[in-house]
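Q: Dropping a structure here in structure tokens format, bear with me for questions.
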Amino acid sequence: MTLRSRLLVLVAAVVALTAVALAAVLHASARAERPDHTQAGGPPVAPGRVTLTDPGRLVFRNMAWGPHRDELTAVPAADPAGPRTASGVTCLRFHAAAGTGVCLRAEHGPVSDSYRALILDARLRTTARYDVPGIPSRARVSPSGRLAAWTAFVGGDSYAGTDFSTRTAVVDTRTGRLIPSLERFRIVHDGRVYTSPDVNFWGVTFAADDRTFYATLATKGTTYLVRGDLRAETVTTLHQNVECPSLSPDGTRVAYKKRVAGLPADAPWRLYVLDLRTLRETPLAERRSVDDQVVWRDAHTLVYALPGDYGADLYQVRADGTGASRRVSPAAVSPAYLP
């Protein structure tokens, strides 16, 4: 090959590499801007009035790309995939009941992010705020609106592994009394007081009496469903292999995710419902791994998030193990049904 030919090959290679690099930069730039642009073919979203006392509404965090991404939005519960009304209030995690909401939010700083738990009134106005010591994970409000709970990761970022730590707090939304960590509660396991330095709690769900709650307790590689007493500040283990419980409206059943042997380490869960009287488990028809704390739409139906094109989509499945799961709303997470 002559010198001229070698130079031509070299120039062609440089031009090709430059074109590839430029295309990659432009593609990355376009992807970075996409969340600010309305999603083609996505659900219509428009600003408007959202309250937590409109009956028959579903409120959730909107994940559709566009100017209202991450805002709390409302739709008719009977038309969950329909046009959305955006509130202007942004949350990472959200739940609401009886006109009270809890919003877990990131506050971006010059060096690092910090996190807050906001208590919201029926008009989504902040009535109280609390520091959250890590990445927000779960949020719940009691049926009366009197209590709110949240969980944050303070080490690691996934339940799927073992290298993580959590903090779960409970607050009385009327008095402001805060329990910053359930780890101070006395643990009763197999009839005896249990102590261990590796205890973690997450996924609180409240009973209607504003005293009793259920949650996950993890220790020594095992998770348990615990029943808690806020007045006595005790928790009692009830059943193994339970994560992110959600109490049914009548207080008789708990829906949860359970680790199933033989599944991939990064997708180990299946949904189950536990009868609290008999401790009989019922596997649900959803066959995918669900890493969420499900919500009871009513006494017969569970709603939860699964990964989607824009972060997450909402699905529902029957609570008795029959039927099949189906998608009910795209680009949505953290649902709360307003009765």
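The values are calculated or read from the model by the stated rules, or taken from the named source; none is laboratory data. Predicted, not measured: the structure shown is a model, and the values here were computed from it. So basically every Cβ, Gly included, is an ideal-geometry build from the backbone, and we count neighbours across all protein chains shown. Note: accessible area is taken over every heavy atom of the protein model, side chains too, but ligands, DNA and RNA are not part of it. Shrake-Rupley method; radii C 1.70, N 1.55, O 1.52, S 1.80 Å.
Q: Hey, got the Cα dimensions of segment 207-310 along the principal axes, in Å, largest first?
A: 43, 35, 30
Q: So for each of 114-126, 213-225 I average, over its residues, the number of other beta carbons within 10 Å; can you give me the resulting order with the highest mean first?
A: Details: 114-126: 17.4, 213-225: 20.0.
So the peptides 114-126, 213-225, ranked by packing, come out 213-225, 114-126.
Q: Continuing with this model, one more query. For the chain, what does the relative contact order come out to in percent, with C-alpha contacts under 8 Å and a separation of six or more? Spell out each step's value before the answer.
A: Numbers: 855 pairs, mean separation 41.7, N = 339.
So the answer I get is 12 percent.
Q: Run a plain Debye calculation on segment 127-243 (Cα atoms as equal point scatterers, no solvent) and give log10 I(q)/I(0) at q = 0.09, 0.21 Å⁻¹, rounded to two decimals, same order as the q list.
A: Here log10 of I(q) over I(0) equals -0.22, -1.22.
Q: Sticking with this one: Just the Cα atoms of segment 179-232: what Rg and Dmax do they give in Å?
A: 10.9, 32
Q: Given segment 262-332 reduced to its alpha-carbon atoms as identical point scatterers, what log10 I(q)/I(0) does the Debye formula return at q = 0.28 Å⁻¹?
A: -1.36
Q: Among the DSSP beta bridges whose two residues both lie in the chain, what percent are antiparallel, rounded to the nearest 5?
A: Numbers: 95 of 101 bridges.
Approximately 95 percent, going by the DSSP bridge assignments.
Q: Rank by packing, highest mean first: peptides 230-238, 246-254, 312-320, with packing defined as the count of other Cβ atoms within 10 Å averaged across residues.
A: So the order, starting with the most tightly packed, is 312-320, 246-254, 230-238.
Q: Please work out the average accessible area per residue across segment 159-303, using the 1.4 Å probe convention, and give it in Å². Display every interim value, and only then the final one.
A: Numbers: 6650 Å² over 145 residues.
Accessible area per residue, segment 159-303: 46 Å².
Q: Taking the Cα centre of each part, how many Å lie between segment 236-263 and segment 189-210?
A: Rounded to whole Å, the Cα centres lie 13 Å apart.
Q: In whole percent, and with a 1.4 Å probe on the protein chains, what portion of the accessible area of the chain is carbon and sulfur? Write down the numbers at each step before the final one.
A: Details: 8690 of 16360 Å².
Carbon and sulfur: 53 percent of the exposed surface of the chain.
Q: Amide H to amide H, which residues 5 or more places from A128 or on other chains are under 5 Å from it, using H placed in the peptide plane?
A: The list, which skips near neighbours in sequence, is I119.
Q: Can you tell me the orientation of helix 3-33 relative to the chain, as the angle in degrees between its alpha-carbon axis and the longest Cα principal axis, to the nearest 10?
A: Result, in degrees: 30.
Q: Ok, one more. What's the whole-number percent of alpha carbon pairs in segment 76-186 lying beyond 25 angstrom? Kindly include the intermediate steps, with their values, before the conclusion.
A: Details: 1608 of 6105 pairs.
Above the 25 Å cut-off, segment 76-186 has 26 percent of its Cα pairs.
Q: Okay, next question. To the nearest 20 debye, what is the magnitude of the charge dipole of the chain about its Cα centre, counting +1 on the Cβ of each Lys and Arg and -1 on the Cβ of each Asp and Glu? Before the final figure, lay out each step's value.
A: Numbers: 41 positive and 32 negative charges, 20 e Å.
For this selection, approximately 100 debye.
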